[in-house]
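> The structure follows.
The values are calculated or read from the model by the stated rules, or taken from the named source; none is laboratory data. Predicted, not measured: the structure shown is a model, and the values here were computed from it. When we count neighbours, we look across all protein chains shown, and the Cβ atoms used for this are built from the backbone with ideal geometry, even at glycine.
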Amino acid sequence: MTTFPPDDVKRMPASERPRLVAMIVLTVLEGLALLPMLLVALMGAMAFDAPGSEKMASVWAIFLTLWALPGLVVVFNVTGWVMLTFRRRRWALILVAVAGCIQLAAYTTLGVLMAFA
């Protein structure tokens with residue numbers, strides 16, 4: 001008879017559990033914050049509504065950034081959880097936290113741009 005998890009699996013030490021809880025909380029919060037970011041990415045195509053805007057490099061930079069941010073956040077979160085499975089717990093938390101910082105910076109920048117537009 002086998003047990004789950006297997007006995008040979010190394011358990012996470014109690015000192016590492018706060019890091020795991022922080023990763024779970026950050027991932028859930030970032031997932032919830034990703035929903036409005038996806039809507040902003042979908043609306044990014046409206047940047048090309050003005051005539052001649054498809055030839056402007058700044059409009060393309062904004063558009064590509066809006067499209068890349070949700071994917072970048074997902075990649076950082078997935079990579080963080082993969083690092084956790086390889087027992088790289090510090091790097092895992094750093095990657096998940098960086099994804100949150102990216103989202104926070106994006107929302108702050110968009111908020112400032114919209115406030116002065």
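> Here is a list: 99, 47, 106. Which entry is modelled with pLDDT under 85, under 22 Å from residue 22 (Cβ atoms) and in contact with a Ser or Thr (Cβ under 9 Å, 6 or more places away or on another chain)?
Details: 99 fails: modelled with pLDDT under 85; 47 fails: under 22 Å from residue 22 (Cβ atoms).
Just a single option satisfies the conditions, and that option is 106.
> Here is a further query. Among the residues of segment 82-100 satisfying the criterion of being surrounded by 14 or more Cβ atoms within 10 Å (Cβ to Cβ) and touching a residue at least 24 places away in the same chain (Cβ under 8 Å), which is nearest to the chain's Cα centre (by Cα)?
99
> Just a yes or no: is a residue in segment 31-53 among the acidic types (Asp, Glu) and in contact (Cβ under 8 Å) with a residue 24 or more places away in the chain?
Looking only at segment 31-53, we keep the residues that are among the acidic types (Asp, Glu), and these are 49.
If we keep only those that are in contact (Cβ under 8 Å) with a residue 24 or more places away in the chain as well, we get none.
No, the conditions are met nowhere in segment 31-53.
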